[in-house]
1. If we keep just the residues of region 115-134 that are free of Cβ contacts under 8 Å to residues at least 60 places away in the same chain and under 22 Å from residue 26 (Cβ atoms), which is most open to solvent (accessible area, probe 1.4 Å)?
2. Between a residue in region 219-245 that is under 19 Å from residue 273 (Cα atoms) and any residue that is part of a strand (DSSP E or B) and at pLDDT below 80, which pairs come within a Cβ distance under 8 Å, given they are 6 or more apart or on different chains?
3. Could you please find all residues in region 75-97 being touching a residue at least 60 places away in the same chain (Cβ under 8 Å) and in contact with an Asp or Glu (Cβ under 6 Å, 6 or more places away or on another chain)?
4. Mind checking which residues of region 298-322 are in a helix (DSSP H, G or I) and either more than 13 Å from residue 14 (Cβ to Cβ) or at pLDDT below 95 (or both)?
5. Looking at (1) at pLDDT 95 or above; (2) open to solvent by 10 Å² or more (accessible area, probe 1.4 Å); (3) not basic (Lys, Arg), which is the only condition residue 363 fails?
6. If I filter region 57-74 down to residues being in a helix (DSSP H, G or I) and aliphatic (A, V, I, L, M), which single residue comes out as most open to solvent (accessible area, probe 1.4 Å)?
7. Please verify whether residue 18 is over 22 Å from residue 129 (Cα atoms) and either open to solvent by 20 Å² or more (accessible area, probe 1.4 Å) or not in a strand (DSSP E or B) (or both), treating the condition exactly as stated.
8. Restricting to region 240-268, what's the tally of residues that are in a loop (DSSP other than H, G, I, E, B) and open to solvent by 20 Å² or more (accessible area, probe 1.4 Å)?
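The values are calculated or read from the model by the stated rules, or taken from the named source; none is laboratory data. Keep in mind that this is a model prediction, so the values were computed, not measured. We place every Cβ from the backbone using ideal geometry, glycine too, and count neighbours over all the protein chains shown. Ligands, DNA and RNA are stripped out before the accessible areas are found, and what is left, the full protein with its side chains, is counted by its heavy atoms. Shrake-Rupley method; radii C 1.70, N 1.55, O 1.52, S 1.80 Å.
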Amino acid sequence: MTDSTRQADVIVVGAGPAGSSTAYWLAQAGLDVLLLEKATFPRDKICGDGLTPRAVRALVGMGVDVNAPGWSRNKGLRIYGGGVKIELPWPELASFPDYGLVRPRMDLDQLLAEHAAKAGARLLQGCTVTGPILHERNDRIIGVTAKYLGEEVEFHAPLVVAADGNSTRLSVAMGLRRREDRPMGVAVRRYFRTPRHDDDYMEAWLELWDGQRLLPGYGWVFPAGDGTSNVGLGLLNTSKAFQNVDYRGMMRAWCAQMPEEWQFDEDHATGPIRGAALPMGFNRQPHYTRGMLLVGDAGGMINPFNGEGIDYALESGRLAADIMVQALSRRTPAQRERTLHEYPRILKDEHGGYFTLARIFVQAIGDPRVMKFLTSHGLPHPTLMRFTLKLLANLTDRRGGDAMDRLINAMQKVAPAA
C-alpha cells in the first residue's frame with residue numbers, strides 16, 4: 001500500500017450495520033472514507049435477524065432494495081404470554097413502513113458493506129485495527145494502527161469512527177469505559193429447519209421461566225423465509241437471578257416445550273446455540289471525544305425495551321456522517337469541534353428520553369411480580385397492546401399522530417435524557 005492509500009478524510013473501524021451506514025453516507029457526500037473490517041465476508045453475528053419498520057425505513061433511505069430475493073417480509077408481531085396469543089400488525093404511520101423484515105446477519109452485513117463500497121467507500125477486509133494513533137500534543141486521534149495482509153500498517157485521517165461493536169476495543173483504548181448504571185442484555189440463538197420459516201408474523205414469548213423463576217426478557221421465532229427460522233432468547237441483567245442462568249440450557253428447555261411439528265430439535269438445528277452481550281441505553285459515553293465518534297453497539301445504542309440495535313446502528317451512522325460532512329467543511333479547528341460536539345447532543349435529543357423510559361421499564365420488570373402482572377393483565381387488552389407495540393418498537397409519528405403517538409412522544413420529552 002502506498003502512503004496515499006493509507007490517508008482518508010474519515011476512517012470507520014468495523015463494517016457491521018453501523019459502520020457500513022456511516023461509510024455509505026460519507027461516500028455519498030463525496031468524502032474519502034476507509035472502512036476497515038477485521039473479518040472476511042461472509043461472517044456471522046449473534047442476532048435475532050428481525051428488522052422492525054424502524055430499521056426498514058433506514059435501509060430504504062440508504063437505497064437498499066428490500067424487494068430483492070433474500071428478504072423475508074412480515075406483517076407484525078404475534079405475542080404469547082399469560083395464556084393469551086395476540087397478533088399485532090405493525091402500525092399504519094406516515095413516518096414508517098407497515099412491514100418488518102428478517103435477513104440473517106451472515107449476508108445482511110456483507111450486503112451493507114458492499115453497498116457502502118459501491119457508493120465509493122474503500123472497504124478493506126481482514127484488517128484488524130490494533131489501536132489509535134494520538135497526536136503528541138493534544139491526545140487527539142489522528143489515525144489507527146492495524147494488521148493488514150500480514151504487515152503492521154498505519155492509516156491516517158482527521159476523524160475516526162468506532163463502529164467495532166460491543167467490545168469496542170478502540171473506545172477502550174481511548175479511555176472510554178462502560179457505564180455500569182445501564183442495563184445489559186444477553187441473547188442466545190439458533191437456526192432450525194422448520195415448516196414455520198415463511199410465517200407472516202415475527203413471534204415473541206413474554207414468559208421465560210428458569211425452573212420456578214420468571215425472568216425479564218422474551219423468546220422469539222423470526223422466520224427467515226429460506227427454510228429456517230431464527231429462534232432465540234433475550235434476557236436482561238435487571239433480575240437478581242441473571243448471573244446464575246444457564247442460557248444454553250434454558251434455550252434447550254424452551255425449545256423442547258414447543259410443538260413437535262415445529263422441529264426446534266437437535267435433528268433440525270443447522271448449527272450450535274451461540275450467544276452475545278447486548279450493550280443498551282447509551283452505555284458508553286461520550287459519543288464524541290477527541291476526533292472519535294461512536295456509532296451503533298460501540299455507543300450502547302441497543303433499545304432496552306426490545307433488544308433491537310440494527311435500526312439505531314443505521315440511524316446513528318447517518319447522523320454521524322451528516323455531522324462529519326459539516327465539520328470537515330468548517331475553516332477553523334474551533335468551528336470543527338463545535339460542530340462535532342453536536343453529535344452527542346442530537347443523539348440525546350433524539351433517543352435520550354426514550355432510552356431513559358426503557359431503563360425505568362426494564363428495572364421494573366426485573367421484579368418477577370411486575371413481569372407476571374404485566375403478562376397476565378396487559379395481554380388480554382388489544383388497545384393496550386397496540387400502544388405497547390408502538391412504545392416498545394419506538395414507532396410513532398412525531399407530528400400529526402394519533403392519541404397513542406402523542407402520549408408516547410410526550411413521555412419521551414419529559415423523561416431526562418439518558
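1. Checked region 115-134; the qualifying residue most open to solvent (accessible area, probe 1.4 Å) is 118.
2. Once the first residue is under 19 Å from residue 273 (Cα atoms) and sits in region 219-245, its partners that are part of a strand (DSSP E or B) and at pLDDT below 80 give 245/210.
3. Listed by number, the residues that qualify are 75, 78, 81, 90, 93, 94, 95.
4. 310, 311, 312, 314, 315, 318, 319, 321, 322, listed by residue number.
5. (1)
6. Filtering region 57-74 for residues that are in a helix (DSSP H, G or I) and aliphatic (A, V, I, L, M), the one most open to solvent (accessible area, probe 1.4 Å) comes out as 60.
7. In short, no.
8. Of the residues in region 240-268, 7 are in a loop (DSSP other than H, G, I, E, B) and open to solvent by 20 Å² or more (accessible area, probe 1.4 Å).
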